[in-house]
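*Asks:* First, the structure itself, so that you have it in front of you.
Derivation of every value follows stated rules applied to the coordinates shown; laboratory data play no part. Since this is a predicted model, take the numbers as computed values, not measurements. Using ideal geometry, Cβ is built from the backbone for each residue, glycine included, and neighbour counts are taken over all protein chains shown.
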Amino acid sequence: MEIIEIVSLGIVTTIIYLLIKDKQPAIAFLLVLITVILLFIYLMQYIHQVLALIQHLGDKASINQVYIKTIIQIIGISYLTEIGSNIVKDAGLDSVALKIEMVGKLFILLLAIPIFHSLIETILGIFPLS
């Protein structure tokens, strides 16, 4: 089972990290970074399947592809922001991690503006102002 391999990689990385972090902190951090990159690359093969499913469900529900694309971008930004923020926190740079999170939230807000605009137009169409 693949989950056993992923968890094993995480446990082995953690053990090696704990053994070398005091003597070689830069190498320990590099080990964590490489592990995160490997896990991300490994997950990329499954992301295509998830995206295809979301597209299929959006087509079945007759949802505008612009909204589907925006939602997928928002999900991607959320994950990348969290991964990047956690890596920077592991390096001990909490203030930089907070800035990464803030920028990620801002990008999500910018992407969501057209959806909010469409939602408000729909509501106004249902309940027109007198």
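*Asks:* Short version: ³J(HN,Hα) in whole Hz for each residue of region 42-52, in order, from phi by Karplus 6.51 cos²θ - 1.76 cosθ + 1.60 (θ = phi - 60°), x for Gly and Pro, what are they?
*Replies:* Taking θ as phi minus 60°, the curve returns 4, 6, 4, 5, 8, 4, 4, 5, 5, 4, 5 Hz for region 42-52.
*Asks:* Now for a different question. Projected onto the charge dipole of region 2-130 (+1 at Lys/Arg Cβ, -1 at Asp/Glu Cβ, origin at the Cα centre), which of Ile108, Val96, Leu39 gives the Cα projection farthest towards the positive end?
*Replies:* The one lying farthest along the dipole's positive direction is Val96.
*Asks:* Before anything else, pin down the relative contact order of the chain: Cα pairs under 8 Å, at least 6 apart, normalised by residue count, whole percent.
*Replies:* Answer for the chain is 16 percent.
*Asks:* Rule-of-thumb check for the chain: C-alpha Rg over 2.2 N^0.38 Å?
*Replies:* Rounded to two decimals, the normalised Rg is 1.45.
*Asks:* How much length is gained if the chain between Glu5 and Gln24 is pulled fully straight, taking 0.36 nm per residue apart and subtracting their Cα-Cα distance, in nm to one decimal?
*Replies:* Using 0.36 nm per residue and subtracting the Cα-Cα distance, I get 4.2 nm.
*Asks:* While we're on this one: By per-residue mean of other Cβ atoms within 10 Å, what is the highest-first order of 25-37, 107-119?
*Replies:* 25-37, 107-119
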